[in-house]
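Engineer: My structure is below; once you've seen it, I'll send some questions.
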Ligand SMILES: Nc1ncnc2c1ncn2[C@@H]1O[C@H](COP(=O)(O)OP(=O)(O)OP(=O)(O)O)[C@@H](O)[C@H]1O
Ligand SMILES: [Mg+2]
């Protein structure tokens, strides 16, 4: 366990070593089983689960000729843009509100009751209302993504601010820190690990919510591809779109992780 | 170096009938019970006493981080209302900022005061050398040993050059040798730049070597048992002219040490009963 963590953190030069040798091996085994089950062994029919060949053909089709109204690049870019936009806006507002509530008991008293009331509503439950308000276009999706990512950002930032070490705050105070210096030099850095925990949860929520929202109704995007492929009974395309979501989710999470390490150099080594 | 106003020697810190009760009024725990203590300007007062007798509480009140349930805490005749630039604290738990390097931790107070970067650099360089932290300027606290962290915490407080230095077991995490060096350094520093020091320690030897007066505290409730004058002995026996290890061998020193030890032992016995 400890060794796995160490192996994952190593590889400073160049790309980080994400996959260990054992991990790669088990991945290859799954691929092999897949090929066998859908091919020579014929355990799963092509209408239920695609063979590697179907998968490949769907990939070629959407990349070259397009599917559900656009090529892969168009569809992916459309979804990615919404997620990034929703995530950035949600993080900024969420971390901001979390800091405000953590720093000002008055603000917390004022806002927290409303927040606690809205918080249990699952993001997906907002989709119908969002469509009524904003239609099937991007605005509705951005709203739902924003809500989904906003909640964990607020909660974790607030928790982080509340958990600041009192003694360090006192130490900063007796050495002359003003209120704004306390916030900048103590509260924010101390809360940063929790803030990033919140951001990671937010990012996850963004992708979940986006795909669900696009499944309900969209003109473009990876969810639209999934929905269309389902209606066309095209398992190859369904699986291909799912893999795309997985790669996008992992990629954006990796980017956030890189940002996190940059933001907190003291947590290294 | 010494401004005219510091020539007067009125009390720098005064605790007047200070009590501290934790919890509510009925079932409260009396951490301090009517403590009276004055510390003169440029005096070095050491506080010794069993764990939990309220040493840290007393110091936090002088720092303005805690307030008495009853009684008054005065610094230069003014009621303490909060932390101020005239007082710096070395905390028992170091309380370094994990996200700042050694240099930035030491320079923090100066930065807060809006000192110029060149001045911050110059002052931090001086204390990095004094605390033997060369080569670790860019390290983060968790990369240092406990003793090194403690030296960073001490340097951080020295760097703001406060009138009043409040030190809570500042040498507790140091090895015996470094401890001796730090004790001598502190004496040296007080000579070059006299200031008022309140110094909490569990080491009786340290208290006898450093202090002008030793405050012996007892617990349940936290109170002052006795205040011992060491300064007159130090001056008459000329401890200041000898290196620390020789002072600790002098008969006058060991006598004083034994006296404080006995007092401490008695307070423990009386609280156990
Ligand atoms: N915030 C608090 N709430 C309740 N009780 C407290 C609080 N702070 C301190 N106490 C109690 O007050 C008493 C004195 O604490 P203090 O930290 O001043 O002791 P101390 O003399 O510094 O001990 P040590 O030598 O172990 O550092 C202790 O019994 C402690 O349990
Ligand atoms: Mg203490």
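Engineer: Regarding region A:51-267, what's the average projected area of the Cα-atom convex hull, expressed in nm²?
Structural biologist: Values: hull surface 56.2 nm².
Mean orientational projected area (region A:51-267, Cα hull): 14.0 nm².
Engineer: Given an 8 Å cut-off on Cα distances and at least 6 residues of separation, report the relative contact order of region B:13-103 as a percent.
Structural biologist: On the way: 120 pairs, mean separation 27.6, N = 91.
Dividing the mean separation by the residue count of region B:13-103 yields 30 percent.
Engineer: Pick from A:150, A:115, A:219: which residue has the top mean-square fluctuation in a GNM of chain A where Cα pairs under 10 Å get a spring?
Structural biologist: Of A:150, A:115, A:219, the most mobile in the Gaussian network model is A:115.
Engineer: Mean separation of Cα pairs under 8 Å and 6+ residues apart, divided by the residue count of chain B: what relative contact order is that in percent? Walk me through the intermediate numbers first.
Structural biologist: Working: 474 pairs, mean separation 64.9, N = 273.
Computed value for chain B: 24 percent relative contact order.
Engineer: Which whole-angstrom value gives the distance between the alpha carbon centres of region B:78-133 and region A:180-233?
Structural biologist: 41 Å
Engineer: Take the Cα atoms of chain B, find their three principal axes, and give me the spread along each one in whole Å, biggest first.
Structural biologist: 55, 48, 42
Engineer: May I pose another question? Could you give the radius of gyration (one decimal) and Dmax (whole number) of the Cα atoms in region B:30-140, in Å?
Structural biologist: My reading of the Cα-based Rg and Dmax gives 17.1, 48 Å.
Engineer: Based on the inverse mean of 1/r over its pairs of different Cα atoms, what is the Kirkwood hydrodynamic radius of region B:131-273, in Å?
Structural biologist: Kirkwood hydrodynamic radius for region B:131-273: 16.7 Å.
Engineer: Hey, another quick one. Please give, to one decimal in nm, the separation of the simple spin-label points placed at residue B:261 and residue A:53, each 7 Å out from Cα toward the Cβ.
Structural biologist: About 9.2 nm separates the two model spin labels.
Engineer: Using the Cα gyration tensor of region B:130-177, with a ≥ b ≥ c the square roots of its eigenvalues, what is the shape: rounded (a/c below 1.5), prolate (a/b larger than b/c) or oblate (neither)?
Structural biologist: Working: a/c = 2.03, a/b = 1.32, b/c = 1.54.
It comes out oblate by the Cα gyration axes.
Engineer: Using alpha-carbon pairs under 8 Å, 6+ residues apart, how would you state the relative contact order of chain A in percent? Provide the component values of the computation, followed by the final result.
Structural biologist: Working: 294 pairs, mean separation 60.3, N = 269.
22 percent.
Engineer: Partner chain Cβ atoms within 10 Å, averaged over the residues of B:95-108 - can you pull that number for me? Spell out each step's value before the answer.
Structural biologist: Details: counts 10, 3, 9, 7, 12, 4, 2, 0, 0, 1, 2, 0, 0, 8.
Mean shielding count: 4.
Engineer: At a Förster radius of 35 Å, what calculated FRET efficiency corresponds to the Cβ-Cβ distance of residue A:63 and residue A:93, to the nearest 0.05? Intermediate values should be presented prior to the final figure.
Structural biologist: On the way: r = 36 Å, r/R0 = 1.04.
That pair, residue A:63 with residue A:93, gives E of 0.45.
Engineer: In what order do A:141, B:17, B:34, B:55 fall by count of nearby beta-carbon atoms within 10 Å, going from fewest to most?
Structural biologist: Numbers: A:141 30, B:17 12, B:34 15, B:55 25.
Least to most surrounded, the residues fall as B:17, B:34, B:55, A:141.
Engineer: Using the alpha-carbon atoms, what tilt in degrees (0 to 90, nearest 10) does helix A:235-263 show relative to the longest principal axis of chain A?
Structural biologist: So the inclination is approximately 20 degrees.
Engineer: A follow-up question, please. When only alpha-carbon atoms are used, what values of Rg and Dmax, in angstrom, describe the protein assembly as shown?
Structural biologist: In Å, with Rg to one decimal and Dmax whole: 32.5, 102.
Engineer: So, one more: Looking at chain A as a GNM with Cα springs under 10 Å, which of A:213, A:90, A:190 has the largest mean-square fluctuation?
Structural biologist: A:190
Engineer: Over chain B, with a Gaussian network built from C-alpha contacts below 10 Å, which listed residue (B:192, B:75, B:164) shows the highest mean-square fluctuation?
Structural biologist: Maximum fluctuation in the GNM of chain B, among the listed residues, is at B:192.
Readers should treat all values here as calculations from the given coordinates under stated rules, not as data from a laboratory. This structure is a prediction, so every number in the text was calculated from the model and none was measured. When we count neighbours, we look across all protein chains shown, and the Cβ atoms used for this are built from the backbone with ideal geometry, even at glycine.
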